[in-house]
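Q: Structure incoming, see below.
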Amino acid sequence: MPYLTQLKGQFTQYQLNHISGFSSVHAIRLYELFTQYKRLGDRYISVEDLKKWLQLEDKYERYNNLNQWVLLPALSEINEKSDLFAKYEPIKKGRKIVGIEFSITYEKTVKKRPKFPHKNKYGKFVKLDRIDPKMSSAKYGNYARDCLKILEDFYSNIEDVPNEDLLYYWIFFAVNQSHKSKLGSKNTFADELRQRGYKIAGCELVKLEK
């Protein structure tokens with residue numbers, strides 16, 4: 001998404017990991033707005049100013065249309081895919097809706113992935129070959145199989161997978177190419193990391209040069 005590319009200098013990598021899953025520019029712009037005053041909790045903004053922020057000055061003259069086609073889908077994405085949770089209430093002046101009060105919670109509780117089993121469970125020689133992962137020890141192969149199951153049970157969308165676990169996916173696939181994932185192949189995870197500005201070298205994440 002071109003607009004997301006423009007914002008890379010304005011967000012932390014942590015925030016980019018959340019908004020990279022957004023399909024709506026409106027969701028990105030609202031997220032950008034919310035992060036500017038997330039510590040306030042509640043914030044009022046006029047409909048006019050909100051439309052300017054969303055670059056919709058000449059569209060959606062009726063609030064009902066703005067709500068249906070912009071606010072509802074954008075807030076749904078933010079609440080489902082990001083670290084923020086937002087509610088809103090239209091504010092009337094007479095019979096006309098003139099503004100919106102947003103209630104924003106920052107760092108909502110996020111369910112954490114279960115921990116991988118300890119390598120000691122598999123014996124003494126649980127070794128990853130970082131130069132050629134498929135040459136790793138057989139015991140590491142067993143470890144990779146069990147860890148991959150944990151990842152598969154936890155994640156449903158590749159957009160929700162943090163960079164570290166994308167790397168784990170890639171490693172576990174590289175160790176044994178017969179492994180399968182509902183999220184894609186080894187190349188799928190490498191491509192996702194590349195889109196986020198990283199490559200894999202020696203089974204480590206390396207930031208791509210701009």
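Rundown of residues vs (1) touching a residue at least 12 places away in the same chain (Cβ under 8 Å); (2) charged (D, E, K, R); (3) at negative phi, yes/no style:
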site: GLY99; (1), (2), (3): yes, no, yes
site: HIS118; (1), (2), (3): no, no, yes
site: LYS149; (1), (2), (3): no, yes, yes
site: ILE158; (1), (2), (3): yes, no, yes
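Q: Tell me, which residue of the range 45-99 that is at pLDDT 90 or above and acidic (Asp, Glu) is nearest to PRO162 (Cα to Cα)?
A: GLU89
Q: Let me confirm something: among PHE154, PHE102, which residue is at pLDDT below 95, closer than 30 Å to SER46 by Cβ, among the hydrophobic types (A, V, I, L, M, F, W, C) and out of contact with any Cys (no Cβ under 9 Å at 6 or more places or on another chain)?
A: That would be PHE102, the only listed residue that is at pLDDT below 95, closer than 30 Å to SER46 by Cβ, among the hydrophobic types (A, V, I, L, M, F, W, C) and out of contact with any Cys (no Cβ under 9 Å at 6 or more places or on another chain).
Q: Residues in the range 148-158: is at least one basic (Lys, Arg) and within 30 Å of ARG62 (Cβ to Cβ)?
A: no
Q: What's the total number of residues in the range 54-101 that are assigned to a helix (DSSP H, G or I), surrounded by 14 or more Cβ atoms within 10 Å (Cβ to Cβ) and either charged (D, E, K, R) or touching a helix residue (DSSP H, G or I) at 6+ places or on another chain (Cβ under 6 Å) (or both)?
A: The qualifying residues number 5.
Q: Ok, one more. Kindly indicate whether LYS134 is touching a helix residue (DSSP H, G or I) at 6+ places or on another chain (Cβ under 9 Å), under 21 Å from ASP42 (Cα atoms) and loosely packed, with under 14 Cβ neighbours inside 10 Å.
A: No; evaluated as a whole, the condition is false for this residue.
Q: Still on this structure, I have one more. Scan (1) modelled with pLDDT of 85 or more; (2) of a type in the set (Lys, Arg); (3) part of a helix (DSSP H, G or I) for the single condition ARG39 breaks and write down its number.
A: The failed condition is (1).
Q: All but one of (1) surrounded by 11 or more Cβ atoms within 10 Å (Cβ to Cβ); (2) assigned to a loop (DSSP other than H, G, I, E, B) hold for THR188; which doesn't?
A: (2)
The values are calculated or read from the model by the stated rules, or taken from the named source; none is laboratory data. Just so we're clear, the structure is a prediction, and the values are computed from it rather than from any experiment. Cβ atoms come from the backbone with ideal geometry, glycine included; neighbour counts cover every protein chain shown.
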